[in-house]
Amino acid sequence: MSSETRRRDYGDEAIPGASTIEEMLAQQPLLRFSTYTQLQVDALRSLGNEIRPLLDSSFSEEGGMNGYSLGQIYSKTWFWVLGAFEVVRTLSTGRAKRCLSDRLHGQAEAFRRNIARLRIPMSKQELAGRADVIGTDISFAHFNNRTRDIGFSVDSSAIWIRQMLNDFDELVDSVTPEDVLCDLRDASRREG
């Protein structure tokens, strides 16, 4: 199955081509891990599908910027970052490790570490591990007219919005039924 088929935003419709539970789990394997996680992933994909066209339309051919789009991009990206961090935090817990393949768990952990660099300033308005209030760390600092991308500068390093969205999509698109070993609730019951 192509990633384009899996990446589709289904809205209120049933999953196209899924007439059985097995087919649905094959198309959206995270359902086996947690229905909530799959719903959150779907919401993040939908939000990402709103952010990308805003990035595209915010750059003019002359190199100028659309100020209204910038505000929309910032607010939607703020929600997206907070949500994406929570999804990958769930996927990278010790409990989740019992339910996911080593490959998927490791990739989720790597993505979590990377997005945390932006999530902490956005949610706490401070840099990770520091009590100082941030200055411009959650402001747009990088603009790439060629790729139509906007980046934040955190600890002198660029974090690009479109790249972040694409990396998340690649992570969840890479999930196969073989990556999901059990339901998260089953791992929790084994602990108790």
| note | Of the residues in region 1-36 that are modelled with pLDDT under 55 and in a helix (DSSP H, G or I), the one that is surrounded by the fewest Cβ atoms within 10 Å (Cβ to Cβ) is GLU4
| query | Would you pick out the residues in region 96-113 that are surrounded by 16 or more Cβ atoms within 10 Å (Cβ to Cβ) and touching a residue at least 40 places away in the same chain (Cβ under 8 Å)? | reply | ALA96, ARG98, CYS99, LEU100, LEU104, GLN107, ALA108, PHE111
| query | Taking the stated definitions as given, is VAL154 modelled with pLDDT of 95 or more and open to solvent by less than 20 Å² (accessible area, probe 1.4 Å)? | reply | no
| said: I'm trying to understand the selection: among the residues of region 43-64, which are among the hydroxyl-bearing types (Ser, Thr, Tyr) and under 11 Å from the mean Cα position of the chain (by Cα)? | reply: SER46
| With LEU39, LEU91 as the choices, which residue is at pLDDT 95 or above, within 16 Å of PHE168 (Cβ to Cβ) and exposed (fewer than 15 other Cβ atoms within 10 Å of the Cβ)? | LEU39
| How many residues does region 134-151 hold that are surrounded by fewer than 16 Cβ atoms within 10 Å (Cβ to Cβ) and modelled with pLDDT under 65? | 2
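The values are calculated or read from the model by the stated rules, or taken from the named source; none is laboratory data. Bear in mind the structure is a predicted one, so any value in this text is a computation, not a measurement. Note: ideal-geometry Cβ built from the backbone for every residue, glycine included; neighbour counts use all protein chains shown. Surface accessibility is based on the protein's heavy atoms, side chains included, excluding ligands, DNA and RNA. Shrake-Rupley method; radii C 1.70, N 1.55, O 1.52, S 1.80 Å.
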